[in-house]
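Read-outs throughout are calculated quantities, based only on the coordinates presented, and are distinct from any laboratory measurement. The shown structure was predicted, so the numbers you read here are calculated from the model rather than taken from an experiment. Reconstructed Cβ throughout: ideal geometry from the backbone, glycine too, with neighbour counts over all protein chains shown.
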Amino acid sequence: MRFSAMFVTAMSVVAFAVAPIGGAEAATVAGPKVKLGCMVPLTGKGAEWGQGAKASIEIAQQEINAKGGIGGVPLEINCYDYQTQEAEGLKIINRLVERDKVLAVVGPCFSAVFEVIAPQLDSRLKTSIISYCSSKPGLSAMSRWALRNTLTSDKQLTPVVGAWVKEYGIKKAVIIHDAEDAVSKAEGAAILPGLLKSNKVEVADILTYRTKDTDYSAQITRAKSLGIQGIALGSCYQNAAAIAKEARKQGLNVPMVGGACAGAPGFIDLAGKAAEGAYMSTAAWLEDPRPEVQAYVKKIVAKLGTQPPYSGPRSYDIVYGLKHVIENSGVTNKPGDLASDREKIRTGFAALKGFPGVAGEITMNEVRDGAGSTAILKVVNGKYIDVRKK
Amino acid sequence: MIYQQLINGLMLGASYSLVAIGYTLIFGVLNLLYFAHGEVFMVGAFIGLYTVILAGANIYVALAGAMIACGALGALAVVATVRPVSKDHPLAQLISSIGVTIVLQNMAIYIFGGQQMAFPETIKQELYRLGPVIISSVQIFILVVAVVLMAILWLFIERTKMGRAIRAVAENHETAALLGVNVNRVVLVTFVISSAIAGIAGVLDGVKNSNVSPFMGLEVAVKGLVVMLLGGLGNVTGAMVGGILLGMVEILSAAYIGTTQRDFITFAILILILLFRPSGLFGTRTTEGS
């Protein structure tokens, strides 16, 4: 009895939270299919993020179509690989909007790509892009069509850096960051120095590398000479892993902390033992015991062979968020209504509050970024654990 | 710290040298910028990786496997993509080698996926203190292999009949042919040797950086070309010294000036050297050094 009472209460909360948006009338969705676009990086520095997202988007699409589609119309998602390259990203957004005529786009991942596409939206493309992994602060403000279902990296990193400093008693650290990748640069040059300072940690030096570098010996030798107790990384997981291994090779065994792009499962796969003890931020936590999270994890692991970084659950949630918005904000899906449908989706998604998802609730803030809590990941015995739960 | 950084530069430079030697040998005998050389380096790294992962082999077997497989790849490249292409048109062979680059890279992405893979620890990690520097077992291994390889190659080119033939062809194709040198055979042997060295360099790079990726060849290919120009086109000694020099410059500028200025400094030095010594540090087109 007690369980069913709780269940009913929980369901009413969800029903309230996901009620039709902004007073818009629910319309009948017409046409042979509802067409969405998707942008994923399947190669290059974003490979693991893109592959996790693509598989998750496909799972969401299959689930939705198995249950009758969106408003009774089958869902089609046109996915393209942009190889984590800005120029490819621009080509693909144009193809999706102008040739494929999609209602909205899931993606892109990576702030570097997001920030070259966003300025094209207001004047010309007028279609929502909803990123599942872009976290450089300030980017969604570039266009009213630019949305992100992910926490900006300052919000992700704040609790992580605090916990890292506290556990290891860090007094002096060095920052090593990518000088080219947008979010890594923002983290290394702006967010981490501020966070370390506010945690009373002396920043001994800020060292940089370039995305395609494979040799980090110069930076690690320099870091080692500074007598530091920790390394803070503004870095994607491949580079972060190589830096961790180089540090180990040079006998510099100090703990690391990393931001949005570093905290992928690939960091542990590539760095092996050198990853132990590192703290990472994330915008999803897949050990979460909620049944919907574990059901998703089971499906994605069966499809991908491994757990994805947070791009997976966040993109999965975006597809369901879009389904909800399309069904409840008066989208007709008629070719003649494409412009107004796109506008309805934009306003509908930007107004989402407390929409339930496997990465947590989607609540869009005033600048169209995701809000909510973040996990604090620590690598223990080759796995990420959330130290908040300890 | 400066001594430690010099060791870092030496390590980086050794892998540049090994790649540049292949470039310069091929340029010497064929007058060809063989673009696919960087991809052979990448293939070598993957063969080494899979020899270790799948067969559980040690690093020596991995090096031998990569050497043999890449040598065979070099022979295949000559037969399939160099010989059939017209020598009369100077660009034809260059375009053909760019084709090989694209084919090898895309095959690698198709087979291994587009991601980086970790190279397992095949050499027990130990640190030794030598005066002001700390050197690891991995670094010692890589340096020893690179130096031994360069010494063998140097002896081969200087002291053997085939080495003499390679030098003769590099000097002048027609004259060498008139003197009874089998130019086709020399080209084949040069490709096999260059590719085998690139294969070994690929494995060493995997060991040094602990990872391999299908895109690793491109960056190295560019650096190899720079080293070849720096040392002198077709000059093996130039490639050896030029590689070390480039590695040192890169590491020292990354350590003391900044990575964003690194390439600027590297290329500024290259331009200066070519301004004052247009044929490179060690002179152009002879394989024995000047």
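Numbers for the structure displayed
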read-out: Estimated FRET transfer efficiency (B:Ile102, B:Leu275; beta-carbon r; R0 41 Å; 0.05); value: 0.75
read-out: Cα-based Lys proximity count in chain B, under 30 Å, for pairs eight or more positions apart or on separate chains; value: 5
read-out: Sites excluded, GluC sites (Glu not before Pro) in DSSP loops with at most 14 other C-beta within 10 Å, longest stretch of chain A; value: A:26-365
read-out: Centroid-to-centroid separation of segment B:19-62 and segment A:80-126 [C-alpha atoms, Å]; value: 38
read-out: Where labels lie 7 Å past Cα in the beta-carbon direction, separation of A:Asn65 and B:Tyr3 in nm; value: 6.6
read-out: For residues of B:210-223, the mean tally of beta carbons on other chains within 10 Å; value: 3
read-out: Whole-angstrom gap from segment B:183-236 to segment A:231-292, using each part's C-alpha centre; value: 32
read-out: Simple Cβ-charge dipole of the protein assembly as shown, Lys/Arg +1 and Asp/Glu -1, about Cα centre, in debye nearest 20; value: 620
read-out: Residue pairs, from the table A:Lys172/A:Lys383; A:Lys67/A:Lys155; A:Lys171/A:Lys245, whose Cα atoms sit over 29 Å apart; value: A:Lys67/A:Lys155
read-out: Average beta-carbon neighbours from other chains, 10 Å sphere, peptide B:254-263; value: 5
read-out: Mean ellipticity per residue at 222 nm, deg cm²/dmol - from DSSP H runs of n ≥ 4 across the protein assembly as shown, formula -39500 (n - 2.57); value: -17500 deg cm²/dmol
read-out: Chain B, relative contact order [Cα under 8 Å, separation at least 6], %; value: 37
read-out: Whether segment A:154-282 is rounded, prolate or oblate, judged on the alpha carbon gyration tensor where a/c under 1.5 counts as rounded; value: rounded
read-out: Span from the segment A:175-221 Cα centroid across to the segment B:260-278 one, whole angstrom; value: 27
read-out: Most mobile listed residue (A:Thr347, A:Thr214, A:Thr374) in chain A, GNM with C-alpha springs under 10 Å; value: A:Thr214
read-out: Per-residue ³J(HN,Hα) for segment A:336-344, Karplus 6.51 cos²θ - 1.76 cosθ + 1.60, θ = phi - 60°, Hz, x for Gly and Pro; value: x, 9, 3, 5, 6, 4, 4, 5, 5
read-out: Cα-projected label distance for A:Ala87 with B:Ala151, points at 7 Å along beta-carbon direction, nm; value: 4.6
read-out: Extension gain from B:Glu219 to B:Ala80, taking 0.36 nm per residue of separation minus the Cα-Cα distance; value: 47.5 nm
read-out: Viscosity 0.890 mPa s, 25 °C: Kirkwood-radius Stokes-Einstein D of segment A:87-220 over Cα pairs, µm²/s; value: 149
read-out: Scaled radius of gyration (Cα, divided by 2.2 N^0.38 Å) that chain A gives; value: 0.99
read-out: Relative contact order [Cα under 8 Å, 6+ residues apart], segment A:154-282, whole percent; value: 29
read-out: 31 Å Cα-Cα threshold exceeded, pairs from A:Lys249/A:Lys303; A:Lys91/A:Lys378; A:Lys185/A:Lys303; A:Lys35/A:Lys353; value: A:Lys249/A:Lys303; A:Lys91/A:Lys378; A:Lys185/A:Lys303
read-out: Inter-label distance for B:Ala55 and A:Asn381, nm, one decimal - labels placed 7 Å from Cα along Cα-to-Cβ; value: 3.5
read-out: Per-pair calculated FRET efficiency, R0 = 30 Å: A:Asn94 and B:Ile95 via Cβ, rounded to 0.05; value: 0.50
